[in-house]
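Q: Take a look at the following structure, please.
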Amino acid sequence: EPEVTQTPSHQVTQMGQEVILRCVPISNHLYFYWYRQILGQKVEFLVSFYNNEISEKSEIFDDQFSVERPDGSNFTLKIRSTKLEDSAMYFCASSEVVSPLHFGNGTRLTVT
Amino acid sequence: DQQVKQNSPSLSVQEGRISILNCDYTNSMFDYFLWYKKYPAEGPTFLISISSIKDKNEDGRFTVFLNKSAKHLSLHIVPSQPGDSAVYFCAARSNAGGTSYGKLTFGQGTILTVHP
């Protein structure tokens with residue numbers, strides 16, 4: 001069964017550094033998403049992306065965050081200047097037009 | 001954000017018995033509900049969903065019930081198996097204008113343990 005793949009599985013970075021989290025969505029999916037889960041908290045929506053533009057973003061998704069689909073397969077989340085509170089599991093997801101979201105296994109981001 | 005609540009942090013069930021996981025919501029604009037299962041070190045995996053125009057949806061051992069008047073849904077697993085042991089998340093989608101299709105609001109999850 002096709003799956004969403006995310007790399008790396010674990011990223012450690014220093015506060016203030018830029019990080020890029022990578023995702024390869026399922027190939028025939030058109031909608032892409034990033035969610036995150038801070039340890040002990042709920043899974044939270046960050047952003048949705050369709051037709052090469054952001055369709056919706058949460059209040060968490062401030063100017064420090066950006067998303068990009070640099071080629072036909074990858075979907076990336078960039079955090080420009082990481083903060084301690086950005087430490088979380090980041091999940092990429094994709095979907096067809098009317099279908100449930102399929103999630104990747106996540107990237108654990110640790111900001112020190 | 002308490003729009004979707006799973007009040008039971010954990011549930012322990014004997015193999016072969018029924019597992020009932022509960023979820024409450026407050027937002028009357030939610031029109032589509034999903035259950036996801038999550039194993040450690042993996043992402044959430046879709047289990048079953050239900051539209052607000054229905055009150056029941058069944059898929060094999062999994063049945064989701066929706067009570068709109070009570071703003072409550074439940075997931076029934078019958079019979080429960082040890083491999084069902086995981087964290088179960090309830091999620092909901094709003095039909096409010098401009099809301100992205102894939103913007104889901106999650107509950108905090110219930111840890112299900114099925115004992116052999």
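The values are calculated or read from the model by the stated rules, or taken from the named source; none is laboratory data. These numbers come from a predicted model, not from an experiment. Note that each Cβ is placed from the backbone with ideal geometry, even for glycine, and that neighbours are counted across all protein chains shown. We work out accessible area using only protein heavy atoms, side chains counted, and drop any ligands, DNA or RNA first. Shrake-Rupley method; radii C 1.70, N 1.55, O 1.52, S 1.80 Å.
Q: Of the conditions (1) assigned to a strand (DSSP E or B); (2) under 26 Å from residue A:3 (Cβ atoms), residue B:76 fails just one. Which one is it?
A: (2)
Q: Which of the residues spanning the stretch A:62-83 are over 18 Å from residue A:43 (Cα atoms) and over 13 Å from the mean Cα position of the chain (by Cα)?
A: Listed by number, the residues that qualify are A:63, A:64, A:70, A:71, A:72, A:73, A:80, A:81, A:82, A:83.
Q: Looking only at the stretch B:42-56, how many residues end up being open to solvent by 30 Å² or more (accessible area, probe 1.4 Å) and farther than 20 Å from residue B:81 by Cα?
A: 5
Q: Go through the stretch A:70-98 residue by residue and tally those that are touching a His at 6+ places or on another chain (Cβ under 8 Å) and not aliphatic (A, V, I, L, M).
A: 3
Here is a yes/no grid of residues against (1) open to solvent by less than 10 Å² (accessible area, probe 1.4 Å); (2) within 13 Å of chain B (Cβ to nearest Cβ):
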site	(1), (2)
A:17	no, no
A:37	no, yes
A:50	no, yes
A:57	no, yes
A:81	no, no
A:90	yes, yes
A:99	no, yes
A:109	yes, no
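Q: Being of a type in the set (Ser, Thr, Tyr) and open to solvent by less than 40 Å² (accessible area, probe 1.4 Å) is the filter here; which residues of the stretch B:66-85 pass it?
A: B:74, B:80, B:85
Q: Same structure again: Only one residue in B:94, B:69, B:74, B:52 is under 15 Å from residue B:36 (Cα atoms) and polar (S, T, N, Q). Which one?
A: Among B:94, B:69, B:74, B:52, only B:74 is under 15 Å from residue B:36 (Cα atoms) and polar (S, T, N, Q).
Q: Another one. Give the residues of the stretch B:3-41 that are open to solvent by 70 Å² or more (accessible area, probe 1.4 Å), within 12 Å of chain A (Cβ to nearest Cβ) and at negative phi, sorted by residue number.
A: The answer is B:5, B:9, B:39, B:40.
For (1) more than 19 Å from residue B:43 (Cβ to Cβ); (2) of a type in the set (Phe, Trp, Tyr); (3) touching a strand residue (DSSP E or B) at 6+ places or on another chain (Cβ under 8 Å), each residue gets a yes or a no:
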| residue | (1), (2), (3) |
| --- | --- |
| A:80 | yes, no, yes |
| A:91 | no, yes, yes |
| A:94 | no, no, yes |
| A:102 | no, no, yes |
| A:110 | no, no, yes |
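Q: Still on this structure, please answer the following. Name the single residue that is farthest from the other protein chains (Cβ to nearest Cβ) among those in the stretch B:95-116 being surrounded by fewer than 19 Cβ atoms within 10 Å (Cβ to Cβ) and part of a strand (DSSP E or B).
A: Ranking the qualifying residues of the stretch B:95-116, first place goes to B:115.
Q: Something else now. Considering only residues of the stretch A:1-26 that are over 16 Å from residue A:78 (Cβ atoms) and of a type in the set (D, E, K, R), which is farthest from the chain's Cα centre (by Cα)?
A: Restricting to residues being over 16 Å from residue A:78 (Cβ atoms) and of a type in the set (D, E, K, R), the top hit is A:1.
Q: Restricting to the stretch A:59-79, give me the number of residues that are more than 13 Å from chain B (Cβ to nearest Cβ), surrounded by fewer than 13 Cβ atoms within 10 Å (Cβ to Cβ) and closer than 13 Å to residue A:35 by Cα.
A: 0
Q: Something else: Out of A:53, A:44, I need the residue that is farther than 19 Å from residue B:3 by Cβ and of a type in the set (D, E, K, R). Which one?
A: That would be A:53, the only listed residue that is farther than 19 Å from residue B:3 by Cβ and of a type in the set (D, E, K, R).
Q: Given the conditions (1) over 10 Å from the mean Cα position of the chain (by Cα); (2) closer than 25 Å to residue A:33 by Cβ; (3) not small (Gly, Ala, Ser), report the number of the one that residue B:64 does not fulfil.
A: So residue B:64 meets the others, but not (1).
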